[in-house]
Amino acid sequence: MISIVAPVYNEEQVLPELHRRVAGVMDTLGEPWELVLVNDGSRDRSAIVIAELNRQDARVKGISFSRNFGFQVAVTAGLDFASGDAVILTDADLQDPPELYPDMIAKWREGFDVVYGVRVSRVGETRFKLWTAKLFYRLIRRITKIDIPLDTGDFRLMDRRVVKAIRSMPERNRFLRGMVPWVGFRQTGVPYERASRYAGESKFSSVKQMLPFALDAITSFSYLPLQLATYLGFFMAGLAALAIVAVVLVRLFGPSAPLLGQATTLVAVLFLGGVQLICLGIIGEYLGRIYDEVKGRPLYLIDQLWGFEGGSDK
Ligand code: UDP
Ligand code: MG
């Protein structure tokens, strides 16, 4: 069986169309399938729409959170509940076309464990979003050891054993786009054109919405920001050693006037103070996340389930 998992946050207009398109593709394939919709504390009628879809078609199953827990957690819950031999992760807004599923499934049958959707083009996204996304993925690739494929999002098929591996990773700060490559196994990509949203609006468009995601990504896969303090420290100490020699030489052999002005001292003190505060802030970013992990709170709380009466993993 193939499970299709989609996180849902305020997508009431999109869900019936998502179901229609997914059913259209999967029924022509003739594979048994389920559509697992994770309602991430939507403020609109999404929960009601999911319940209604489940009533019409038992292959649609739903999980409703007690509040909004965020995209990564919603996807995690979907993976926890999906029972397919392969799981396809997709956005609910139809930016990831269901028409690509047959290609993905074909690759999976060939023996690949992860099949990414690789965006060859993106329609209807702002220049700002395209540009920041590009910069972000290039940066991440440089500073982390794992090989995150370029121009991929969360749209992907995963074999059951990859899903099992992801389920066994209990981390609170989840960056799935890094966790899946970390798992390993045989991974490949299929190209597709990323459509624009079917309806509604993007939940990740401003810097305020994207920055926490970027910070989670970097801190959960790289120590480089922490090591930056060490490098800077060595550089500054080296500079200071040279300055000491210079000062001694000037004192012994140079003119007798005072060597350095107040302004220079002030600038040096302020600069180093700034650098030290930045380094402390970086440590704080990691420390806060360690605190989150140590608290060990559940990742999500469930309010309602539809279609899982017959038993699930949770
Ligand atoms: N989403 C979610 N929880 C959130 C924000 C978004 O489950 O807190 C879902 C949303 O319903 C959609 C997917 O995550 O299915 C991707 O969101 P969106 O399309 O707004 O992001 P974009 O494609 O613009 O990056
Ligand atoms: Mg979208």
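Over the range 51-154, what is the mean sequence separation of C-alpha contacts under 8 Å (at least six apart), divided by residue count, expressed as relative contact order in percent?
21 percent
Can you sort F69, F308 so the residue with the fewest Cβ neighbours within 10 Å comes first?
Fewest-to-most ranking of F69, F308: F308, F69.
Computed from the mean reciprocal separation of all distinct C-alpha pairs, what Kirkwood hydrodynamic radius does the chain have, in Å?
Working: mean 1/r = 0.0451 Å⁻¹.
22.2 Å is the Kirkwood radius here.
When only C-alpha pairs under 8 Å and at least 6 residues apart count, what is the relative contact order of the chain, in percent?
Once normalised by length, the contact order is 23 percent.
Taking H placed 1.01 Å from N in the peptide plane, check which residues at least 5 places from Y198 or on another chain put their amide H under 5 Å from its amide H.
Placed amide hydrogens put Q95 under 5 Å from Y198.
Counting only C-alpha contacts under 8 Å and six or more residues apart, can you give the relative contact order of the range 1-103 as a whole percent?
It rounds to 43 percent for the range 1-103.
Which of the three applies to the range 144-198, rounded, prolate or oblate, going by the alpha-carbon gyration tensor with a ≥ b ≥ c and a/c under 1.5 meaning rounded?
prolate
Can you put Y223, Y300, Y101, Y137 in order, fewest other beta carbons within 10 Å first?
So the residues, fewest neighbours to most, are Y223, Y137, Y300, Y101.
Calculate how many DSSP beta bridges within the range 86-196 are antiparallel, expressed in % of all such bridges and rounded to the nearest 5. Please report the intermediate quantities before stating the final value.
Working: 8 of 16 bridges.
Percentage antiparallel, nearest 5: 50.
To check you understand DSSP bridge types, tell me what percent of the beta bridges within the chain (both residues inside) are antiparallel, rounded to 5.
The antiparallel proportion sits near 35 percent.
Which order results if Y9, Y192, Y291 are arranged by neighbouring Cβ count within 10 Å, fewest first? List each step's numbers first, then the result.
Values: Y9 22, Y192 19, Y291 10.
Ascending Cβ contact count within 10 Å gives the list Y291, Y192, Y9.
All of the numbers you see were taken from the coordinates with simple rules; none came from a lab. None of these values were measured; they are calculated from a predicted model. All Cβ positions, even for glycine, are placed from backbone atoms using ideal geometry, and neighbour counts span all protein chains on display.
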